């Protein structure tokens with residue numbers, strides 16, 4: 001069953017309400033201190049990824065950055081997009 005994404009990000013009351021966020025990503029976000037969707041607005045996905053890797057003590061798949069980018073984009077703009085649409089943006093920034 002496909003989950004329903006609120007049209008207005010302000011209506012997202014749980015991390016699970018965000019596009020591309022499932023149980024594993026909820027756990028990762030909570031590990032780095034993100035408990036509510038509003039906490040993602042304006043954040044830097046690369047900084048969140050670095051924090052996740054530091055706290056967990058392991059390097060996570062870089063696609064986690066794409067998921068963070070998608071969730072932040074949704075909270076900042078209200079536009080829900082698949083996480084893989086952010087892969088080119090991540091790769092571009094990583095090569096700059």
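The values are calculated or read from the model by the stated rules, or taken from the named source; none is laboratory data. Here the structure is a predicted model, which means the values were calculated and not measured. We place every Cβ from the backbone using ideal geometry, glycine too, and count neighbours over all the protein chains shown.
Keeping to region 1-43, report how many residues are free of Cβ contacts under 8 Å to residues at least 12 places away in the same chain, under 15 Å from residue 75 (Cβ atoms) and not in a helix (DSSP H, G or I).
Result for region 1-43: 1.
To keep it simple, each residue is scored yes or no on (1) at pLDDT 95 or above; (2) in contact with a strand residue (DSSP E or B) (Cβ under 8 Å, 6 or more places away or on another chain); (3) surrounded by 12 or more Cβ atoms within 10 Å (Cβ to Cβ).
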site: 5; (1), (2), (3): no, no, yes
site: 20; (1), (2), (3): yes, no, yes
site: 27; (1), (2), (3): yes, no, no
site: 34; (1), (2), (3): yes, no, yes
site: 46; (1), (2), (3): yes, no, yes
site: 53; (1), (2), (3): yes, no, yes
site: 68; (1), (2), (3): yes, no, yes
site: 71; (1), (2), (3): yes, no, yes
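What are the residues in region 45-61 that are outside any helix (DSSP H, G or I) and touching a residue at least 12 places away in the same chain (Cβ under 8 Å), if any?
Residue satisfying the conditions is 60 alone.
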